[in-house]
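**Q** Got a structure for you, written out below as structure tokens; questions coming shortly.
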Amino acid sequence: MILVTGGAGFIGSNFVLDWLVQSDEPVVNLDKLTYAGNLNNLASLNQDPRHIFVQGDIGDQAHVARLLAEHRPRAIVHFAAESHVDRSISGPAAFIETNVNGSFALLEAARAYWSALAAADKEAFRFLHVSTDEVYGSLGPDDAPFSETTPYAPNSPYSASKAASDHLVRAYHHTYGMPVLTTNCSNNYGPYHFPEKLIPLIITNARAGKALPIYGDGQQVRDWLYVSDHCAAIRRVLADGRLGEVYNVGGWNEKANLDVVHTLCDILDQLDPKAQGSYREQITYVQDRPGHDRRYAIDARKLERELGWKPAETFESGIRKTVQWFLDHQDWVCDVQSGDYLKWIDKNYAQRASQEIA
Ligand code: NAD
Ligand code: DAU
């Protein structure tokens, strides 16, 4: 079996669901169930004995050690993190606690477990660390996309905390010989995406008749990847990645935020038209994110060359599926938009007075 951390979050739950479609190998899913963790994402596995959910903190080394001893996984796939850049700006402490200290505790528990394995199991064991392209910093308009050798230059408390965990993972390979793999992926979107992030926020706000907030001039560029393509990449790296190596994962889908929002409005105009006018009329420019990275772009050629991975979805197919998923899952949306969610939305957007863009 494998141990997944953070498997009740957006990407982790997609990974667990896809994993159990592709294989019968059981998954132990360790998740603290923070505001971002949601067992409803995994409701289809409620009666499935291949999924063992454990509520717990990756920073609780003794608990992780007990889980490893009990279930004896052949691999750990580490998703658990605080993941929202805006939250890292208003409250960085939780990011250091989970992304740095938590990853350290997890690595220590994994190292003790791996060191004591019998030779063949030790050889086969893998620790796959799921990271982000944000550790590389921000690109200029004409810069080449991030490769695996781009120097680290994290700009937010979130990306700095992820960079710290990447360095720890690297060091555990270099120093102790631990069989680690790291993936650095671009922006994901798809089912179960928590509506604090741009794409699900725009879809849910649009349908609720609320403002569609664009930070700054909306010309920041992100490289979008449909979440199941990210999950497929992780499975490929876990199966055949070279130990100690880093693999960048991206969709070759660079888009300016404003273009993404226009696309979402246009799809909604087709699939769920308003009584009058277009959803585009709800677009509102608001104060920018402090230290906002201007452009991310991923060069994923190493993953394609070495492991034959390519995204299956284009942006056009993936974004249409995503809008349709949100239209079809109103109950899920209503459930996640609970008290705590509303408090965050109020905190993040109340302070961002809307502004006119020429
Ligand atoms: P998410 O915020 O949706 O989910 C994070 C999950 O981790 C939640 O279920 C949460 O309950 C759990 N968690 C948080 N702290 C924990 C702790 N201390 N112990 C155990 N569980 C804990 O995040 P996501 O968007 O699914 O991202 C998953 C991983 O992928 C993160 O490591 C993130 O940095 C990385 N990543 C995300 C993206 C993206 O676009 N979302 C892109 C590249 C990489
Ligand atoms: O690049 C990978 C990263 O992508 C992951 O590591 C992070 O976990 C994930 O959250 C995501 O980070 P971003 O900051 O790029 O995603 P977010 O959806 O928060 O924002 C996308 C872009 O949209 C960014 O330029 C900020 C902008 N934005 C965001 C929100 C929430 C807006 O213009 N308005 C908004 O209300």
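The values are calculated or read from the model by the stated rules, or taken from the named source; none is laboratory data. All of these numbers come straight from a predicted model, not from anything done at the bench. Please note: Cβ atoms are built from the backbone with ideal geometry, for glycine as well, and neighbour counts cover all protein chains shown.
**Q** Has the range 226-238 got at least one residue that is outside any helix (DSSP H, G or I), more than 9 Å from ligand 2 (Cβ to nearest atom) and under 15 Å from the mean Cα position of the chain (by Cα)? Can you show your working first?
**A** Our first condition is that a residue be outside any helix (DSSP H, G or I); within the range 226-238, this holds for 226.
Now restrict to residues that are more than 9 Å from ligand 2 (Cβ to nearest atom): 226.
If we keep only those that are under 15 Å from the mean Cα position of the chain (by Cα) too, we end up with 226.
For the range 226-238, residues outside any helix (DSSP H, G or I), more than 9 Å from ligand 2 (Cβ to nearest atom) and under 15 Å from the mean Cα position of the chain (by Cα): present.
**Q** Write out, first by first residue and then by second, each pair whose Cβ atoms fall under 6 Å of each other, whose residues are 6+ apart or on separate chains, and whose first residue, in the range 30-50, is at negative phi and free of Cβ contacts under 8 Å to residues at least 40 places away in the same chain while the second is among the hydroxyl-bearing types (S, T, Y) and within 10 Å of ligand 1 (Cβ to nearest atom).
**A** Close Cβ pairs (under 6 Å, with a partner that is among the hydroxyl-bearing types (S, T, Y) and within 10 Å of ligand 1 (Cβ to nearest atom)) amount to L42/S13.
Residue by residue, here is whether (1) under 30 Å from A80 (Cα atoms); (2) at pLDDT 95 or above; (3) surrounded by fewer than 24 Cβ atoms within 10 Å (Cβ to Cβ) holds:
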{"position": "N187", "(1), (2), (3)": "yes, yes, yes"}
{"position": "P195", "(1), (2), (3)": "yes, yes, yes"}
{"position": "L198", "(1), (2), (3)": "yes, yes, yes"}
{"position": "K210", "(1), (2), (3)": "no, yes, yes"}
{"position": "Y226", "(1), (2), (3)": "yes, yes, no"}
{"position": "V246", "(1), (2), (3)": "yes, yes, yes"}
{"position": "G251", "(1), (2), (3)": "yes, no, no"}
{"position": "R280", "(1), (2), (3)": "no, yes, yes"}
{"position": "V286", "(1), (2), (3)": "no, yes, yes"}
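**Q** For the range 51-155, please list each of the helices (runs of 4 or more DSSP H) lying entirely inside it that holds at least 2 residues being among the aliphatic types (A, V, I, L, M) and surrounded by 14 or more Cβ atoms within 10 Å (Cβ to Cβ).
**A** Details: elements: 61-71, 85-90, 103-115, 119-124.
Here the list reads 61-71, 85-90, 103-115.
**Q** Looking only at the range 173-193, which residues are out of contact with any Asp or Glu (no Cβ under 8 Å at 6 or more places or on another chain), near ligand 2 (Cβ under 9 Å from one of its atoms) and part of a loop (DSSP other than H, G, I, E, B)?
**A** H193
**Q** Same structure, new question: Out of all the residues in the range 146-204, which are of a type in the set (S, T, N, Q), more than 12 Å from ligand 1 (Cβ to nearest atom) and in contact with a helix residue (DSSP H, G or I) (Cβ under 8 Å, 6 or more places away or on another chain)?
**A** Going residue by residue through the range 146-204, those that are of a type in the set (S, T, N, Q) are 147, 149-150, 155-156, 159, 161, 165, 175, 182-184, 186-188, 204.
So of that shortlist, the ones also more than 12 Å from ligand 1 (Cβ to nearest atom) come out as 147, 149-150, 155, 175, 204.
Of everything in the range 146-204, those that are of a type in the set (S, T, N, Q), more than 12 Å from ligand 1 (Cβ to nearest atom) and in contact with a helix residue (DSSP H, G or I) (Cβ under 8 Å, 6 or more places away or on another chain) turn out to be S147, T150, N155, T204.
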